[in-house]
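Chemist: Here's a structure for you.
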Amino acid sequence: MDIRIISYEHPLYTQVLDLRQRILRTPIGLNIQDEDLEPEKEQITFIAEQEGVVLGCVMLQHYDAHIFKLRQMAVDTACQGKGIGAALLQAAGVYAINMGKQGIVMHARIEAVPFYERSGYVVSSALFTEVGIPHVKMTRNFLPVSPEAPVGPPHS
């Protein structure tokens with residue numbers, strides 16, 4: 001399995017849309033084709049892919065100068081519980097740090113909160129309704145690294 005970034009124009013992007021429809025939209029009676037997908041051209045799309053098949057995806061959207069917003073996390077039902085979601089979150093976190101971001105925010109479905117907490121996210125809001133289902137805002141802050149901070153163990 002490979003984790004990589006693809007563009008909106010990439011041939012595998014149609015599989016990303018299909019996966020999001022199956023996992024995120026159909027269960028709540030929505031159709032992804034009814035949404036304005038134009039802003040996704042500016043978002044960073046991570047996929048977990050094996051032999052040309054998208055097993056999972058997640059997107060990062062610029063939230064402000066210091067923060068990304070994590071969106072549209074989906075892992076194929078047959079692949080859940082195998083570390084794919086955790087690998088996607090890890091890749092998104094590393095990317096955010098490498099881009100100089102201080103953290104990531106998201107609106108998490110209430111049933112997914114324990115999964116995100118295992119990856120270092122914390123609930124940062126009261127319960128609210130989005131797309132007709134309960135969500136909470138979650139955040140993960142990255143510690144800024146001082147240029148003077150030691151990289152390895154102290155020398156003796």
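The values are calculated or read from the model by the stated rules, or taken from the named source; none is laboratory data. Bear in mind that the values here come from a model prediction, so they are computed numbers and not experimental data. Note that each Cβ is placed from the backbone with ideal geometry, even for glycine, and that neighbours are counted across all protein chains shown. The protein model used for the area step is the full one, side chains on, heavy atoms only, and it has no ligands, DNA or RNA in it. Shrake-Rupley method; radii C 1.70, N 1.55, O 1.52, S 1.80 Å.
Chemist: Among the residues of the range 99-141, count how many are among the hydrophobic types (A, V, I, L, M, F, W, C) and in a strand (DSSP E or B).
Modeler: Qualifying residue count for the region: 10.
Chemist: Still on this structure: Among residues belonging to the range 111-132 that are of a type in the set (Phe, Trp, Tyr) and surrounded by 12 or more Cβ atoms within 10 Å (Cβ to Cβ), point out the one that is nearest to Gln80 (Cα to Cα).
Modeler: By that ranking, first place goes to Phe115.
Chemist: Moving to a separate point now. Return the residues of the range 64-98 that are in a helix (DSSP H, G or I) and open to solvent by 50 Å² or more (accessible area, probe 1.4 Å); say none if nothing qualifies.
Modeler: Within the range 64-98, Thr77, Ala78, Gln90, Val94, Tyr95, Ile97, Asn98 qualify.
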